[in-house]
Amino acid sequence: MRDKWGNLAAVAVVGLALAGLTVEAAWAQSYPARPIRMLVGFSPGGPADVMARLIGQRMSASLGQPVVVENRPGAGGTIAARAVADSDPDGYTLLLGNTSTLVISPLMYKNVGYDALKAFAPIARLGTTSDILVINPSFPAKSLRELIAYAKANPGKLNYSTPGLGTPPHLIGEMLKLRAGVAIVHVPYKSGGQSIQAVIAGEVQFTFENPAVALPLVQAGVVRALAVTSAARHPQAPDVPTLVEGGLPDFVSVSFTGVVGRAGLPGAIVDKLNAVINESLKAPDVAATLAKLAVDVQNETPAEFGAFLADQMTTMAPVIKAAGLLGAE
């Protein structure tokens, strides 16, 4: 008798699971039935906004509904992230997130308002960007090894500029301190423009800058490139070695941009959005624009994006802790 009821219960569970899959598939088939909002935590005109609008236009054409980009700048992008974390998991409110909103801020601040790994459903990673270590051309070091040797021989005398506390360039500098065992001084500025100008003017010795900004300056001779933070050499700067080639094993640091939804978003909708976004990234105009922004385009599954996010959190936590920024108010 027990076996009979046990079998009936098992059949019931399977039936409910299949019914759930059927409902989810039907939901995804009818999705979207109204416009989709894509929140961006930064002002119009910046790289994140440009990427959101590029992808949004392509998504609109594929999905048959408008994808409306909504800028909610402030607090390093966390205002927009909180809004998505508090939204319904129905696929009609998405976030164009990046390294700052999905990794750095959740680690740095106790009261950010969301747990990035629990609050969001990863949908698609759009791309990654590396940075180039550039120095003032009057500085004697001609390679990363020479720069590190100088730093070890002159602790506390090398200064590097960044766009501010907790920005990716700042944390790359903190990683350099940890991996190379050097004492270098962080000098935060109010913007990326001021940061790179400080290197050009000789106010500081070096910084880490996006290739789209750095390479024209390298070509103009106002800064010199020593190393790139990506795993492989940058295609537009094949003569610039990686940090690994410069003597720092496993030192790879990239920033990323990706689309996430509210946790609990049905898997069928996640897969549908992932397919549409990945197809959008292949469009010639999208690829050309992203290349100008020095973005290395990705094409991966939601699960791969989720694994990447978890890995980034694991990698950055000790760096942020070493910088004294972990769990700040």
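The values are calculated or read from the model by the stated rules, or taken from the named source; none is laboratory data. Just so we're clear, the structure is a prediction, and the values are computed from it rather than from any experiment. Glycine also receives a Cβ, built like all others from the backbone with ideal geometry; neighbour counts cover every protein chain displayed.
Please go through the range 120-144 and give me each residue that is within 26 Å of residue 58 (Cα to Cα) and not β-branched (Val, Ile, Thr), ordered by number.
120, 121, 122, 124, 125, 126, 127, 130
Out of everything in the range 233-263 that is small (Gly, Ala, Ser) and out of contact with any strand residue (DSSP E or B) (no Cβ under 7 Å at 6 or more places or on another chain), what residue ends up being surrounded by the fewest Cβ atoms within 10 Å (Cβ to Cβ)? I'd like the intermediate steps shown before the answer.
From the range 233-263, those small (Gly, Ala, Ser) are 237, 246-247, 253, 255, 258, 261, 263; that's our starting set.
Imposing the further condition that a residue be out of contact with any strand residue (DSSP E or B) (no Cβ under 7 Å at 6 or more places or on another chain) reduces the set to 247, 253.
Values: 247: 16, 253: 23.
Step by step, filter the range 233-263, then rank; the result is 247.
If the requirement is being closer than 30 Å to residue 233 by Cα and touching a residue at least 12 places away in the same chain (Cβ under 8 Å), which of these qualifies: 78, 93, 128?
128
Name the residues in the range 199-247 that are more than 22 Å from the chain's Cα centre (by Cα), under 16 Å from residue 162 (Cα atoms) and assigned to a loop (DSSP other than H, G, I, E, B), would you?
Within the range 199-247, 202, 203, 204, 205, 223 qualify.
Identify all residues within the range 144-155 that are out of contact with any Pro (no Cβ under 8 Å at 6 or more places or on another chain) and in contact (Cβ under 8 Å) with a residue 40 or more places away in the chain; write none if there are none.
Those that are out of contact with any Pro (no Cβ under 8 Å at 6 or more places or on another chain) and in contact (Cβ under 8 Å) with a residue 40 or more places away in the chain: 145, 147, 148.
Name the pairs: first residue in the range 156-173 and farther than 13 Å from residue 319 by Cβ, second residue modelled with pLDDT under 95 and of a type in the set (Ser, Thr, Tyr), Cβ to Cβ under 6 Å, at least 6 apart or on different chains?
Listed pairs, sorted by first residue: 163/191.
Among the numbered conditions (1) touching a Ser or Thr at 6+ places or on another chain (Cβ under 9 Å); (2) modelled with pLDDT of 95 or more, tell me where residue 240 comes up short.
Every listed condition holds for residue 240 apart from (1).
Which one of these does residue 286 not meet: (1) modelled with pLDDT of 95 or more; (2) within 18 Å of residue 57 (Cβ to Cβ); (3) crowded, with 17+ Cβ neighbours inside 10 Å?
(1)
Might you check whether a residue that is under 21 Å from the mean Cα position of the chain (by Cα), of a type outside the set (Phe, Trp, Tyr) and at negative phi occurs anywhere in the range 177-187?
Scanning the range 177-187, I find no residue that is under 21 Å from the mean Cα position of the chain (by Cα), of a type outside the set (Phe, Trp, Tyr) and at negative phi, so the answer is no.
Within the range 315-322, identify whether any single residue is farther than 24 Å from residue 47 by Cβ, buried (at least 16 other Cβ atoms within 10 Å of the Cβ) and over 17 Å from the mean Cα position of the chain (by Cα), and answer yes or no.
Checking the range 315-322: not a single residue is farther than 24 Å from residue 47 by Cβ, buried (at least 16 other Cβ atoms within 10 Å of the Cβ) and over 17 Å from the mean Cα position of the chain (by Cα).
Mind checking which pairs have a first residue in the range 265-282 that is assigned to a helix (DSSP H, G or I) and a second that is of a type in the set (Phe, Trp, Tyr) and surrounded by fewer than 18 Cβ atoms within 10 Å (Cβ to Cβ), Cβ under 8 Å, 6 or more apart or different chains?
Close Cβ pairs satisfying both conditions: 268/27; 269/27.
Please give the helices (runs of 4 or more DSSP H) falling wholly within the range 76-127 in which 2 or more residues are under 13 Å from residue 264 (Cβ atoms). Steps first, please.
On the way: elements: 78-85, 105-108, 116-119.
Per the criteria, 78-85, 116-119.
So in the range 294-312, with the set limited to residues that are among the aliphatic types (A, V, I, L, M) and at pLDDT 95 or above, which one is farthest from the chain's Cα centre (by Cα)?
Within the range 294-312, the match that is farthest from the chain's Cα centre (by Cα) is 303.
Which count do you get for residues in the range 30-75 that are assigned to a helix (DSSP H, G or I), surrounded by fewer than 21 Cβ atoms within 10 Å (Cβ to Cβ), free of Cβ contacts under 8 Å to residues at least 60 places away in the same chain and among the small types (Gly, Ala, Ser)?
4
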